[in-house]
Amino acid sequence: MGAVPVGRSAVALSAVALSAVALSVAVALGVAACGSGGATTTDRPAGGGIPPSLAAAARPIGAGPRFHPSVRGPGPDRCSPTLGRRYGVHIELFAANRVVLVAPGIGVGRPWHSVGVRITSARCYGSLATLDPTGVVLVRPGSRDTVGDLFRAWGRHLSARRLLSFRSAGPVRAYVDGRRWTRTSPAAIALTRHAEIVLELGPYVPPHRSFTFPPGT
């Protein structure tokens, strides 16, 4: 676990994480499955060469601003001019049987500069930060941040029956590394190193158990 670079090299290092978005887009075209790291070594490709575990979780990215919610938060309280040492956590969100993208710029102080969909420089960085829409959250070691902290920094809602702008009579379901989370509310889930955290509201989506993180996280 080392420092996560920002700049031209960061764009290259994000290639693995960006595959999650690429795969989600492919699902929308009927080609592949959303997410990354869900397949195991025992999976056998189904029709079209897609491992069964990924095919079962295939959902398109939702259309419109509800599925692409921007950052509304006021910006990080304790803001460092550099990212410093970070580890990765992966967040996947599903609502109305569609993928919801985690916005870039959560926990990042404006102004920032982007290359494509990735933030490459910014005024400062909070204890958690998202630099692209892949769902990878970069967390400062020792910060003890939770899913609730992520949503507060995002400026978006998370409660027992609400996920972002989506509401339901049923509860928000949470999974950590493929296992159903029932100990506390989803907001209390700790952002631990290399956790794969899935939140769902609406139809059930088979949760991924792991994610392939970019080098250095």
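Read the figures in this text as sums done on the coordinates, not as results from a lab. Predicted model, so just to flag it, every value in this text is computed and none were measured. Cβ coordinates were reconstructed from backbone atoms using ideal geometry, including for glycine residues, and neighbour counts include every protein chain displayed.
At a glance:
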{"read-out": "Selection count, the range 115-138, where residues are of a type in the set (S, T, N, Q) and over 20 Å from Val100 (Cβ atoms)", "value": "3"}
{"read-out": "Selection status of Thr120, assigned to a strand (DSSP E or B) and either among the polar types (S, T, N, Q) or touching a helix residue (DSSP H, G or I) at 6+ places or on another chain (Cβ under 7 Å) (or both)", "value": "yes"}
{"read-out": "Residue count for the range 144-160, restricted to those that are closer than 20 Å to Trp181 by Cβ and touching a Leu at 6+ places or on another chain (Cβ under 8 Å)", "value": "10"}
{"read-out": "Residue check, Phe151 in a strand (DSSP E or B) and within 15 Å of the chain's Cα centre (by Cα)", "value": "no"}
{"read-out": "Within the range 154-178, tally of residues that are more than 13 Å from the chain's Cα centre (by Cα) and in contact (Cβ under 8 Å) with a residue 60 or more places away in the chain", "value": "6"}
{"read-out": "First in the range 71-100 and outside any strand (DSSP E or B), second anywhere and loosely packed, with under 15 Cβ neighbours inside 10 Å, Cβ under 7 Å, 6 or more apart", "value": "Gly75/Arg110; Leu83/Ala3; Gly84/Ala3; Asn97/Pro203"}
{"read-out": "Qualifying positions in the range 182-217 - among the charged types (D, E, K, R) and farther than 20 Å from Ala153 by Cα", "value": "Arg183, Arg209"}
{"read-out": "Among residues of the range 180-217, those that are charged (D, E, K, R) and without any contact (Cβ under 8 Å) to a residue 12 or more places away in the chain, counted", "value": "2"}
{"read-out": "Residues that are surrounded by fewer than 18 Cβ atoms within 10 Å (Cβ to Cβ) and of a type outside the set (Val, Ile, Thr), drawn from the range 107-117", "value": "Gly109, Arg110, Pro111, Trp112, His113, Ser114, Gly116"}
{"read-out": "Residue that is among the hydroxyl-bearing types (Ser, Thr, Tyr), over 18 Å from Ala188 (Cβ atoms) and surrounded by fewer than 18 Cβ atoms within 10 Å (Cβ to Cβ), where the choices are Ser143, Ser70", "value": "Ser70"}
